[in-house]
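The values are calculated or read from the model by the stated rules, or taken from the named source; none is laboratory data. Everything quoted here is computed from the prediction, not taken from an experiment. Because the Cβ atoms are built from the backbone with ideal geometry, glycine has one as well, and the counts that use them run over all protein chains shown. In case anyone asks, the SASA skips ligands and DNA or RNA and just uses the protein heavy atoms, side chains included. Shrake-Rupley method; radii C 1.70, N 1.55, O 1.52, S 1.80 Å.
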Amino acid sequence: MKQRITYLLEENDAEVGPEQIQVQDNSLSIHDLYGAKEHRVTLGLDELPQELRLVLNQCHELRIRWASQFLYAGLSPFTSRVSPGLHVFYTPRRKGHDAQICQLLGRVFGNELACESVERSFINVPILSERFSSTASFQYYSLWPSLKKFVTYVEHAVHESQQAKIRSLLDVNQLDVDCDIISHACILNAYWAEPTGNKHWKELIETKKTSGTLEVGILTNEKPLEPEELSLSGVLAVVGEDDRPKATKFSFPSRHHPVPASDLPTYFYTHIKSPAGLHPTLQLTFPSGTKSLIPPNPSCALHAHLTLPSTLLIDKYQLQDPLFLSSQRLRRLHSVAGETDLEAPNWAISRWGSAVLLELAHPSAPPSTPQDGATAGAEAGAGAETAAAAAAADWTVSIPLHLRYLEPRANASGMSAVDVPWPVVFWACAAEEGTKMGMNPFDRTNLGYDGLFGTRTMFYHVPPAVQAAALVERVPVPVLDLGRARYVELGTVVAVVVGFAWVVWKLLAVGGKEGERAQGVKGE
Amino acid sequence: MDRFWSNSRLVFGSAVLLRVALLGFGILQDNYSPVKYTDIDYFVFTDAARYVATGRSPYMRDTYRYTPLLAWMLYPTAWGGIWFLFGKLLFAFGDIIAGGFVYRILRDGADMPPARALKFTSIWILNPMVAQISTRGSSEGLLGMIIMALLWSVLQKRIVLAGCLLGFAVHLKIYPFIYAASIIWWLNESASAQTSGKHTRSPSTGLLVSLLKFCNRSRILLALSSAITFFSLNVVMYALYGRPFLEHTYFYHLTRTDHRHNFSPYNILLYLQASPETQSNVHLERLAFLPQLSLALVVIPLALARRDLPSTMLAQTFAFVTFNKVCTSQYFLWYMMFLPFYLSSSSLLRNPQVGIVALVVWVLGQAVWIQQAYQLEFLGQSTFVPGLWLSSIAFFLVDIWLLGIIIADVGQQSTRVEYDKSRAKKMS
């Protein structure tokens, strides 16, 4: 076992006094620290309970990303995000082998998880190029709001003395688990955006000689020299080895960055345009976006990565027409994977849904494509005149979605609802040749969208709006009300039988006349 | 005005102009508005044509549920640019040719004066709904051409041609198989007196004799030519595209139970039955084909076909669409193309009050349904029950009432004589 605990302080909280960190023989205590915290635990597969080990031995890799649906800040280098919920990325050791991942997930996260088998519940992850890909091949997702079951499971697995510590996982904002067969290990990565419970971190971190190294760092962001880099400074201490914290400063290239600071903060919020109907529109609004939405460098393109439950889908054919796309302030559909059947009702869908990557238009680049230069020119002309008036207007992007038919419901006044998580929004930019992102000690990959870009892509993450209550939107869905549908069966049958009888009677009347006429002919 | 109606070139010229204008309007709208004039299905067809043009299967396009032949017919649209219009031109051309056949049948078959025939033909060719559907890129116009050519060749007794067209039409859209029944029943060429009741020795030989009598030359020719056309097209398509061809062209349409709201009276019942939560043991919807096919395929042809073949085909199509498990407004075109033949001698025109009421309730029935569907689809109100269900049942009953009128009208007629007369006249 190996542990690394990192406290990340905001620049104005960066002064760390000696009383705030005290190193003893086999322990280290923290007082009055305010900031984010990451706790990283590396475990060999043989340190895990047998039931996990058996399954993990069948996996080439298993990567779990969980994010809370409540808003939290992502302080650099922890700026990368996934949509709230439980994301599982998996590559089997042998092609086509299931390894009973769903059973494992059920046991660890809760049996209510709608996961049957890899074949019936996971989707194939689209990747840019199989050869160079470092991303997993199957993906599962669930809007799983709580880690309660997970924490209980881990509590049972650890020594009694550790259980109190484990309970702090209930307040975690992000949790990553990375297991792979090559390193023969699992890495658990928990992230708290701010101190739990009380206002400050107050912790006693202990270790035993037998339980492996434990490194603690208290770091602050520095201004990096290179645009690809992040720079951190602060103190580091290895518990049980160092007798006092050592000052440190280091820089590394990073895949994930915050959007560059400017006068107007860049952020977005998501809402469903009302009335939603059966074709809800997911709108992403960037407040004052016409001013604040500036690409970090000219190579950047604005993207939204959507994780859509099976109840919702996008129509890739609808998102092909440049005129339609620009009217929604979209540029193109980059990729869509998973359940894309345009007609199937929700009960005919077994897999969790679909993952969609869209490129969005942004104010400094007109949404229209070059070939309709005429309209773009006209728009630009009109834009110049009203530029002053619309100095910092909001920028809203619309993503047209479609609802599947949902199961009829009893006593629900004919309404059902589906929850859709907020997407992840970022600028994707090209990095310098030869940038080695893997050197980053805080690197984070397998987020669902990074595999769709080249390995030397940088992501500048646009954070969700601070006033957001939860990063999940609820869409009302009209369904058949079973309470009022009792007469439908009988009524339809009666109508059809009456209609049929009426037509047959009319036909018999015709036949009757024919008979009369035939007799008349004979009579002649 | 009289001069207009007496000049077939003027009438057909205006039909062409109407379509050209709509095509032009469509180009403008498609190029300058995010809301497209072109029908979604046309994008499906042209995407499939692009697959076919690059040697791939048209079924790589989701929701392409037609014969690959259609994609092949639209091959030029794969060249891009202005060629995108090729299919729309083909469909619009098809519906004008269909109008041409309607006119010929009214003139030669029903012996109608030119001006009157043109007026009735205009119900189809100058109908803005028809012109719009074709120019938006729906294939119904092409189907119309084949069906009208089929009717024309049957009435002209060009049996082999008729059989080929029938086989092709079924390959294209399945439902025209119902016409086989009325055409076969209509083709009792020599009901001459020489074989009257005298030969009957026992009931079984009597049955055999009437069966032999029934299998006359025309009927055998029609059956053979249509079967050969249908099956050879299928064999070729199967050889080229394998199981997906059968899957999408036929099985999909036979097994589909469309749960999304549409005009069918069965719609809400299907939604109710399809969902796993309401698994009931009685699957009434599986019996839906019984009233539909017994009327369209058996009773209507038997009762009416020998009186007036075109109007019988109208009644068959009307019954088929009305009792179908899925029904969209595009299906209304299937029976509208037969209206010129029927209306010319119908009580709806003889008694305009009934005619106007019929038109109004038919339109109103749809309007009420559409209003409910709009509230559901765009405002998100749960109008499945009672609104949508009641309006679809009401529209069904309106259709039943209209079907009753059509049947009674055809029953009044002895049009058979008219068509025979004209043919006799020509032959002599």
>> Relative contact order for the range A:2-252: what percent, with Cα pairs under 8 Å and sequence separation of 6 or more?
In response: 30
>> To the nearest 20 Debye, how big is the dipole of chain A about its Cα centre, given +1 on the beta carbon of each Lys and Arg and -1 on that of each Asp and Glu?
In response: 1280
>> Using only the alpha-carbon atoms, what does the range B:1-146 span along each of its principal axes? Please give whole angstrom values in decreasing order.
In response: 51, 34, 21
> Once phi is turned into θ = phi - 60°, what whole-Hz ³J(HN,Hα) does the Karplus curve with 6.51, -1.76 and 1.60 give for every residue of the range B:318-325, x standing for Gly and Pro?
Replying inline: 4, 5, 4, 5, 5, 9, 6, 6
> For residue A:509 and residue B:224, what is the calculated FRET efficiency with R₀ set at 45 Å and r taken between the beta-carbons, to the nearest 0.05?
Replying inline: 0.80
> Just going by the charge dipole of the protein assembly as shown, with Lys and Arg at +1 and Asp and Glu at -1 on Cβ, which of B:46, A:358, A:309 is farthest out on the positive end?
Replying inline: B:46
> Any idea what log10 I(q)/I(0) is at q = 0.05, 0.07, 0.08, 0.09 Å⁻¹ for the protein assembly as shown, Debye with uniform C-alpha scatterers and no solvent?
Replying inline: -0.42, -0.73, -0.88, -1.04
> Can you give the mean number of other chain Cβ atoms that lie within 10 Å of the Cβ atoms in peptide A:414-425?
Replying inline: 1
> To the nearest 0.05, what FRET efficiency results for residue B:289 and residue A:225 with a Förster distance of 60 Å applied to their C-beta separation?
Replying inline: 0.20
>> With a 1.4 Å probe and all protein chains kept in place, how much accessible area does residue B:41 have, in Å² rounded to the nearest 10?
In response: 40
> Suppose R0 equals 22 Å; then what is the FRET efficiency for residue A:347 and residue A:494 from their Cβ-Cβ distance, rounded to the nearest 0.05?
Replying inline: 0.20
> Can you tell me the accessible area per residue over the range B:1-152, all protein chains present, probe 1.4 angstrom, in square angstrom?
Replying inline: 42
> In the range B:259-411, how does Rg compare with the Kirkwood Rh, expressed as the Rg/Rh ratio over alpha carbon atoms?
Replying inline: 1.01
> What are the ³J(HN,Hα) values, in whole Hz, obtained from phi via the Karplus relation 6.51 cos²θ - 1.76 cosθ + 1.60 with θ = phi - 60°, for each residue of the range A:118-126 in sequence order, with x given for Gly and Pro?
Replying inline: 4, 5, 8, 10, 8, 10, 7, 8, x
> When only the heavy atoms of the protein chains count and the probe is 1.4 Å, how do B:325, A:223, A:165 rank by accessible area, highest first?
Replying inline: A:223, A:165, B:325
> Hey, any idea what Rg/Rh is for chain B, computing Rh the Kirkwood way over Cα pairs?
Replying inline: 0.97
> How far, in nm, would the chain grow between residue A:157 and residue A:394 when pulled straight, counting 0.36 nm per residue and subtracting the alpha carbon separation?
Replying inline: 80.3 nm
> Ignoring ligands, DNA and RNA, how do A:39, A:159, A:60, A:303 rank by accessible area with a 1.4 Å probe, largest first?
Replying inline: A:159, A:60, A:39, A:303
> Residues with beta-carbon under 15 Å from that of residue B:180, excluding residue B:180: net charge, scoring Lys, Arg +1 and Asp, Glu -1?
Replying inline: +2
> Percent of alpha carbon pairs in the range A:2-252 separated by more than 35 Å?
Replying inline: 19
> Under a straight-distance cross-link criterion of Cα-Cα below 18 Å, which aspartates and glutamates are reachable from residue A:199, leaving out those fewer than 8 residues away in the same chain?
Replying inline: A:10, A:11, A:13, A:15, A:19, A:32, A:38, A:171
>> Is the C-alpha gyration tensor of the range A:248-373 telling us rounded, prolate or oblate? Criteria: a/c under 1.5 is rounded; beyond that, a/b larger than b/c is prolate, otherwise oblate.
In response: prolate
> Per residue of B:266-275, how many C-beta atoms from partner chains lie within 10 Å of its own C-beta, taken as a mean?
Replying inline: 6
> Are there cysteines in chain A with no second cysteine's Cβ under 4.7 Å away, and if so, which?
Replying inline: A:59
> What full-extension length gain, to one decimal in nm, is calculated for residue A:262 and residue A:2 as 0.36 nm per residue of separation minus the Cα-Cα distance?
Replying inline: 89.7 nm
> Taking a 1.4 Å probe, which of B:84, B:245 shows the most accessible area, and what order do the others take after it?
Replying inline: B:84, B:245
> Under the definition of Cα pairs under 8 Å and six or more residues apart, what whole-number percent is the relative contact order of chain A?
Replying inline: 18
>> For a test of understanding, tell me how many lysine pairs in chain B have Cα atoms under 21 Å apart, given they are 8 or more places apart or on different chains.
In response: 8
>> Could you give each residue of the range B:168-176 its phi-based ³J(HN,Hα) in whole Hz, using Karplus coefficients 6.51, -1.76, 1.60 with θ = phi - 60°, and x for Gly or Pro?
In response: 5, 4, 5, 4, 6, 9, 6, 4, x
> Where does the charge balance sit around residue A:317 when Lys and Arg score +1, Asp and Glu -1, over other residues with C-beta under 15 Å from its C-beta?
Replying inline: -3
>> Just to be sure I understand the model, the point goes 7 Å from the Cα along the line to the Cβ. What's the resulting residue B:17 to residue B:215 distance in nm?
In response: 5.6
> Where does chain A land on Rg(C-alpha)/(2.2 N^0.38 Å)?
Replying inline: 1.22
>> If you roll a 1.4 angstrom probe over the protein chains with everything in place, what fraction of the accessible area of the range B:259-411 belongs to carbon and sulfur, to the nearest %?
In response: 70
> Can you give the accessible area of residue A:140, probe radius 1.4 Å, in Å² rounded to 10?
Replying inline: 0
> What accessible area, in Å² to the nearest ten, does a 1.4 Å probe give for residue B:215?
Replying inline: 70
> Relative to the present Cα-Cα distance, how much length would full extension add between residue A:148 and residue A:46 at 0.36 nm per residue of separation?
Replying inline: 34.2 nm
> Remind me, relative contact order of the range B:259-411 in percent, using alpha carbon pairs under 8 angstrom and six or more residues apart?
Replying inline: 28
> Under 5 Å between amide H atoms, partner at least 5 residues away or on a different chain: which partners does residue A:395 have, H built in plane at 1.01 Å?
Replying inline: A:286, A:288, A:289, A:290
>> Counting only other residues whose beta carbon sits under 14 Å from that of residue A:427, what net charge do I get with K and R as +1, D and E as -1?
In response: 0
> So for the pair residue B:28, residue A:487, with labels modelled 7 Å out along Cα→Cβ, what separation do we get in nm?
Replying inline: 5.0
> At q = 0.12, 0.17, 0.20, 0.23 Å⁻¹, what base-10 log of I(q)/I(0) does the Debye formula yield for the range A:139-212 when every alpha carbon is treated as an equal point scatterer in vacuo?
Replying inline: -0.43, -0.87, -1.16, -1.38
